[in-house]
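Structure, as structure tokens:
The values are calculated or read from the model by the stated rules, or taken from the named source; none is laboratory data. The structure presented is a predicted model; accordingly, all values stated were derived computationally and were not measured. Here the Cβ positions follow ideal geometry from the backbone for every residue, glycine too, while neighbour counts run over all protein chains shown.
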Amino acid sequence: MRVAEIQNDKIVVVEREDISLDGRDGAIVRVIGCGLCGSDIVKLREHISKEGTVLGHEIVAQIVEINSKTEFKKGDKIVASHHIPCFECVYCKGKSYSMCKHFKETNIFPGGFSEYVYLSEEHLLNVTHLKPTNLTEEEAAFYEPLGCCVRAVKRADLIPQSSVLVIGLGTIGLLMGQALKAFGMDVYGCDIRQDRIDMANNLGIKAFNSSDKSKAHEYIYSHTDETGVECVFMTSGADPAIGVALETVRLGGKILVFSSTPKNFGYANNEIYYKELTVLGSYSPHPADLEISLKLLTDKKVKVDNLSTDYPLDKIQEAFDDTVSNKIMKAYIRI
């Protein structure tokens, strides 16, 4: 089978031996396509993953071999995620599911950028669903990243109609903004690129240019009775985004961090202290968040039909390069 693996800081397509169940519980699935996640890019560029690693986890696939107590059967088209919490450890009991050791250790094998993948019985039971018939394979591949956004919205613990600002209107920002709207929030968004601002406005997100943080402050305060937004969702990893967040969040408000910053700049202690701000992070979804994600996609409350660009597996390095250079918003790798 063909897989795309890391070799000398590049993604290279190679042949590997086919995989089979060999008596194990679970399923072998033929991957139809896999979304390229920002975390895949970070793992490659920052040398986090070792040589030979097969990245990818946002899969849409078809079952070709199965030995399971679930109702899935050979031929089913499915969506699946890669991590499962144990539901029993101190982190799970505290609802910090993505900090669970078991969560971090579970994965699909060998990775989503592969012709075939092994899904354990645990994956089938917890994070696998039939692909909705009204979604294309490319649309269904947003199941896991949207689930991450659902998790972030729930982590923020806001009441409906709260004013929120999404900083950074890339793919995740547009997913986050739509998820917030679906949860009943009053959603603003900002970016420095006009094409992304236009896309957000077309999706019902009140978007504006944030290249000048003082003007961003003026815009938000003029639209929120001079108080600022209840919560800022940081979906941009650009360091200046921190300044925009601090200029637009209200006193006593929240900043939810959903991105890493290259220089790892933080929030000034005095800003947090004197304004009584809450700064929290959100990383990866619980199985229940994924169920909500799939329903939002199925019901078309979150629209993703123009958010990704299709690449064949043989051009996966080009997909990485085009995403990094902002030539495209997100890549979908057709296997």
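From the list Val187, Val164, Val117, the one residue that fits, being in a strand (DSSP E or B) and not assigned by TED's automatic domain parsing to the domain that holds Pro240, is Val117. The set of residues in the stretch 70-95 that are out of contact with any Ser or Thr (no Cβ under 6 Å at 6 or more places or on another chain) and within 28 Å of Glu139 (Cα to Cα) comprises Thr70, Glu71, Phe72, Lys73, Lys74, Gly75, Asp76, Lys77, Val79, Ser81, His82, Pro85. Restricting attention to the stretch 135-161, the residues that are over 20 Å from Ile63 (Cβ atoms) and either buried (at least 18 other Cβ atoms within 10 Å of the Cβ) or not assigned by TED's automatic domain parsing to the domain that holds Asp191 (or both) add up to 14. When each of Val12, Val3 is tested for being among the β-branched types (Val, Ile, Thr) and within 27 Å of Glu139 (Cβ to Cβ), the lone residue that passes is Val3. Residues in the stretch 190-204 that are in contact with a strand residue (DSSP E or B) (Cβ under 9 Å, 6 or more places away or on another chain) and either crowded, with 24+ Cβ neighbours inside 10 Å or in a helix (DSSP H, G or I) (or both): Cys190, Asp191, Gln194, Arg196, Ile197, Asp198, Met199, Ala200, Asn201. Yes or no: the stretch 6-22 includes at least one residue that is surrounded by 16 or more Cβ atoms within 10 Å (Cβ to Cβ) and of a type in the set (D, E, K, R). Among the residues of the stretch 6-22, not one is surrounded by 16 or more Cβ atoms within 10 Å (Cβ to Cβ) and of a type in the set (D, E, K, R), which makes the answer no.
So if I check each of Gly111, Gly147, which one is touching a residue at least 24 places away in the same chain (Cβ under 8 Å) and part of a loop (DSSP other than H, G, I, E, B)? None of the others qualify; the one that does is Gly111. Within the stretch 321-335, take every residue that is under 22 Å from Met199 (Cα atoms) and in contact with a strand residue (DSSP E or B) (Cβ under 8 Å, 6 or more places away or on another chain) and give me the one that is surrounded by the most Cβ atoms within 10 Å (Cβ to Cβ). Step by step, filter the stretch 321-335, then rank; the result is Ala331.
Can you pull out every residue in the stretch 66-101 that is of a type outside the set (Gly, Ala, Ser) and under 24 Å from Glu5 (Cα atoms)?
Step one: of the stretch 66-101, the residues of a type outside the set (Gly, Ala, Ser) are 66-67, 69-74, 76-79, 82-93, 95, 97, 99-101.
Residues satisfying the conditions are Ile78, Val79, His82, His83, Ile84.
Figure legend. Inter-residue proximity from the stretch 301-312: first residues in contact (Cβ under 8 Å) with a residue 40 or more places away in the chain, second residues of a type in the set (S, T, N, Q), beta-carbon distance below 6 Å, spacing 6+ or different chains. Indicated pairs: Val302/Gln178; Leu307/Thr171.
Taken over the stretch 14-69, the criterion of being part of a strand (DSSP E or B), acidic (Asp, Glu) and within 23 Å of Cys149 (Cβ to Cβ) is satisfied by Glu58 alone.
Given (1) outside the structural domain of Ile78 (by TED's automatic domain parsing); (2) more than 14 Å from Lys154 (Cα to Cα), where does Ala288 come up short, assuming only one miss? Against the list (1) outside the structural domain of Ile78 (by TED's automatic domain parsing); (2) more than 14 Å from Lys154 (Cα to Cα), Ala288 comes up short only on (2).
Checking Gly243, Gly266, Gly237, Gly228 one by one, the residue that is in contact with a strand residue (DSSP E or B) (Cβ under 7 Å, 6 or more places away or on another chain) and not polar (S, T, N, Q) is Gly228 and no other. For the stretch 229-248, the tally of residues that are free of Cβ contacts under 8 Å to residues at least 60 places away in the same chain and either farther than 16 Å from Phe208 by Cα or not acidic (Asp, Glu) (or both) stands at 5.
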